[in-house]
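Undergrad: Sharing a structure, written as structure tokens. Questions coming.
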Amino acid sequence: MAVADQAKVYVNGEYVSGKLELMHGDRLLLGANNLFTVVNPAEREAAEKAGITYHKFTFHDAMAEIQNLGSADDAKKGEELLQQDISELGPMIGEVNAMSCAMDKKVKFEIVIMPEEGKRRKTAMVSMFSYLTSCSYLLTRDEFISRKYKMEEMYQHFVEGDHEAWKSVPPSEDPFAEEDNKETTIGTVSISLKSLGYLFEQEQTLTITNYQGAAKGELRWSITL
């Protein structure tokens with residue numbers, strides 16, 4: 001089989017390109033909805049005589065195969081990277097919380113584990129909770145580390161007794177503060193688009209939950225064909 005350029009073709013759950021040889025029992029998915037099983041009549045007859053039964057592959061099986069291919073290795077690598085980030089961020093979180101408490105900044109930082117957008121692995125982020133506004137803001141690892149350098153500089157002025165230097169920092173430049181109108185992630189919600197494969201219209205109201213599983217809102221969505 002020769003795959004045309006830019007064609008979306010999966011064989012046994014793996015994206016393929018160029019030329020390849022198909023074998024009896026291979027699962028072939030063309031585009032998003034066209035599923036075929038390769039059958040060699042001679043091999044099928046031999047299998048039937050030997051009492052071998054092949055699983056009847058369905059569209060849902062194909063989707064699951066694509067999602068799970070190599071998932072063991074990917075999951076292991078993703079978990080290792082996640083643990084590295086947690087180990088790195090943990091001590092930093094302790095330091096900035098101590099600084100915040102000493103300077104009475106009324107914010108608290110903690111590590112949260114979030115699903116990475118567009119991917120199946122998880123990522124470590126930092127939540128900054130303000131006791132003054134009762135709002136939480138999510139920071140990426142890089143955003144948090146960048147803020148930490150500014151926090152250390154501010155804390156150094158505090159330790160040296162240079163109160164004018166650290167107290168005169170405007171809110172827009174304060175690494176312990178966040179602008180009231182800043183966009184922030186309140187939670188996540190998962191939407192299943194399987195109905196598109198069957199050309200079904202769909203309408204749902206789903207609950208948006210934060211990283212602690214608490215409901216934070218609702219998302220109403222619909223598909224009209």
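The values are calculated or read from the model by the stated rules, or taken from the named source; none is laboratory data. The structure presented is a predicted model; accordingly, all values stated were derived computationally and were not measured. Backbone-built Cβ (ideal geometry, glycine too); neighbour counts: all protein chains shown. We work out accessible area using only protein heavy atoms, side chains counted, and drop any ligands, DNA or RNA first. Shrake-Rupley method; radii C 1.70, N 1.55, O 1.52, S 1.80 Å.
Undergrad: Against the definition (farther than 22 Å from G217 by Cα, of a type in the set (G, A, S) and open to solvent by 50 Å² or more (accessible area, probe 1.4 Å)), how does S134 come out, yes or no?
TA: no
Undergrad: Only one of these conditions is not met by T133: (1) more than 14 Å from P175 (Cα to Cα); (2) in a strand (DSSP E or B); (3) not charged (D, E, K, R). Which number is it?
TA: Every listed condition holds for T133 apart from (2).
Undergrad: What are the residue pairs meeting all of these: first residue in the range 86-111, first residue touching a residue at least 40 places away in the same chain (Cβ under 8 Å) and farther than 18 Å from F158 by Cβ, second residue open to solvent by less than 70 Å² (accessible area, probe 1.4 Å) and of a type in the set (A, V, I, L, M), Cβ atoms under 7 Å, and 6 or more apart or on different chains?
TA: L89/I111; L89/A124; L89/V126
Undergrad: Please verify whether the range 83-94 includes one or more residues that are small (G, A, S) and at pLDDT below 80.
TA: Looking for residues that are small (G, A, S) and at pLDDT below 80, one finds none in the range 83-94, hence no.
Undergrad: Just to be sure before I move on: is A64 of a type in the set (A, V, I, L, M), modelled with pLDDT under 85, open to solvent by less than 70 Å² (accessible area, probe 1.4 Å) and assigned to a helix (DSSP H, G or I) in the structure I sent?
TA: yes
Undergrad: Within the range 1-26, can you find the residues that are without any contact (Cβ under 8 Å) to a residue 24 or more places away in the chain, charged (D, E, K, R) and either outside any loop (DSSP other than H, G, I, E, B) or touching a helix residue (DSSP H, G or I) at 6+ places or on another chain (Cβ under 9 Å) (or both)?
TA: K19
Undergrad: Now for a separate question. Of D180, D142, D174, which residue is within 20 Å of E95 (Cβ to Cβ) and open to solvent by 70 Å² or more (accessible area, probe 1.4 Å)?
TA: The unique qualifying residue is D142.
Undergrad: Could you run through the range 27-54 and say how many residues are modelled with pLDDT of 80 or more and in a loop (DSSP other than H, G, I, E, B)?
TA: The qualifying residues number 3.
Undergrad: Looking at (1) within 27 Å of K122 (Cβ to Cβ); (2) in a loop (DSSP other than H, G, I, E, B), which is the one condition that is false for W221?
TA: (2)
Undergrad: Output the residue which, of all residues in the range 187-209 that are surrounded by 10 or more Cβ atoms within 10 Å (Cβ to Cβ) and modelled with pLDDT under 75, is nearest to S136 (Cα to Cα).
TA: K194
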